[in-house]
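Chemist: Questions regarding the structure given below will be posed in turn.
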């Protein structure tokens with residue numbers, strides 16, 4: 001059971017990475033400069049920029065914004081559940 005939650009956490013992280021790649025690609029197409037050296041530190045800024053741009057264009061946040069937020073929250077929840085169950 002513990003392994004199941006940890007596998008789900010890793011899958012959620014993988015989906016978050018895919019979302020990050022999509023957001024960075026979108027921002028590059030819009031002419032934003034991306035600092036790949038510090039992308040782990042700046043990803044939340046890039047996600048916020050993506051959100052602002054898509055809301056300005058379509059009055060809704062883009063798919064990849066919600067995809068990133070949900071995948072990272074799922075990864076956190078699954079990892080915590082996996083750690084709690086491993087202690088039992």
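Quick note: the coordinates plus some simple rules give every number you see, no bench work behind them. A quick note: this is a predicted structure, and the numbers were derived from the prediction, not measured. Glycine also receives a Cβ, built like all others from the backbone with ideal geometry; neighbour counts cover every protein chain displayed.
Chemist: Given the Cα-Cα distance of residue 45 and residue 60 and 0.36 nm per residue of separation, how much length would full extension add, in nm? Before the final figure, lay out the partial values.
Modeler: Values: separation 15, 0.36 × 15 = 5.40 nm, distance 1.81 nm.
Going from the current span to full extension adds 3.6 nm.
Chemist: Expressed in nm to one decimal, what extension gain is obtained for the pair residue 2 and residue 83 from 0.36 nm per residue of sequence separation less their Cα-Cα distance?
Modeler: Between residue 2 and residue 83, full extension yields an extra 28.4 nm.
Chemist: Also: May I ask you to sort 71, 86 by Cβ crowding, counting other Cβ atoms within 10 Å and putting the fewest first? Walk me through the numbers on the way to the answer.
Modeler: Values: 71 20, 86 12.
Neighbour counts put them in this order, fewest first: 86, 71.
Chemist: Follow-up. Quick one, which of (i) 15.2, 51; (ii) 12.1, 38; (iii) 19.3, 72 is the actual Rg and Dmax of the Cα atoms in Å calculated for this model?
Modeler: Read-out from the structure maps to (i).
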